[in-house]
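Peer 1: Quick one: this structure, given as structure tokens, is what I'll be asking you about.
The values are calculated or read from the model by the stated rules, or taken from the named source; none is laboratory data. The model shown is predicted, which means the values in this text are computed figures rather than measured ones. Cβ sites come from the backbone with ideal geometry, for glycine too, and all protein chains shown count toward neighbours.
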Amino acid sequence: MSAVRILLADDQPLVRAGLRRIIEADSTLIVVGEAADGREAVDQVLGVRPDVVLMDVRMPIFDGIEATRRLAAAGSTARVIVLTTFGLDEYVVAALRAGASAFVLKEAPPEQLLSAIHEVAGGRAIIDPGVARP
């Protein structure tokens, strides 16, 4: 079984570094690229062709939802997990409509993020249970 190839898209270098550490603790996952804005995320995904993209919602140039929409329009096969601190209904709906496979809150424990990556890589969709809280 080959490693799941991951691209990190977040405008905060510290967040990307933390995500990388979490992901690299799992020997079945490998980070193949990073992006600091929506345009760079699209360019990186189309260039390095990861299996899964961890996509922040709020980024410069264009946001993660627009980047996800552009990837779907370009025919990318990468599965997108939208990561955000904002569990707002409009973000969830917009992300899923744009073509995201999952929506995970940044407050999720590392094990939940790793599980979501494996689930999405296996073809399943995930919505963080924290989004459904009243």
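Peer 1: Return the residues of the stretch 28-55 that are assigned to a helix (DSSP H, G or I) and in contact with a Ser or Thr (Cβ under 8 Å, 6 or more places away or on another chain); say none if nothing qualifies.
Peer 2: Val45, Leu46 - these are the residues of the stretch 28-55 that are assigned to a helix (DSSP H, G or I) and in contact with a Ser or Thr (Cβ under 8 Å, 6 or more places away or on another chain).
Peer 1: Next question. If we scan the stretch 89-110, do we find a residue that is among the β-branched types (Val, Ile, Thr), in contact (Cβ under 8 Å) with a residue 24 or more places away in the chain and touching an Asp or Glu at 6+ places or on another chain (Cβ under 8 Å)?
Peer 2: yes
Peer 1: Looking only at the stretch 71-90, which residues are of a type outside the set (Gly, Ala, Ser) and surrounded by fewer than 20 Cβ atoms within 10 Å (Cβ to Cβ)?
Peer 2: Answer for the stretch 71-90, where residues must be of a type outside the set (Gly, Ala, Ser) and surrounded by fewer than 20 Cβ atoms within 10 Å (Cβ to Cβ): Thr77, Thr85, Phe86, Leu88, Asp89, Glu90.
Here's the yes/no breakdown for (1) crowded, with 16+ Cβ neighbours inside 10 Å; (2) modelled with pLDDT under 95; (3) hydroxyl-bearing (Ser, Thr, Tyr):
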site	(1), (2), (3)
Leu54	yes, no, no
Arg97	no, yes, no
Leu114	yes, no, no
Val120	yes, no, no
Ile127	yes, yes, no
Gly130	no, yes, no
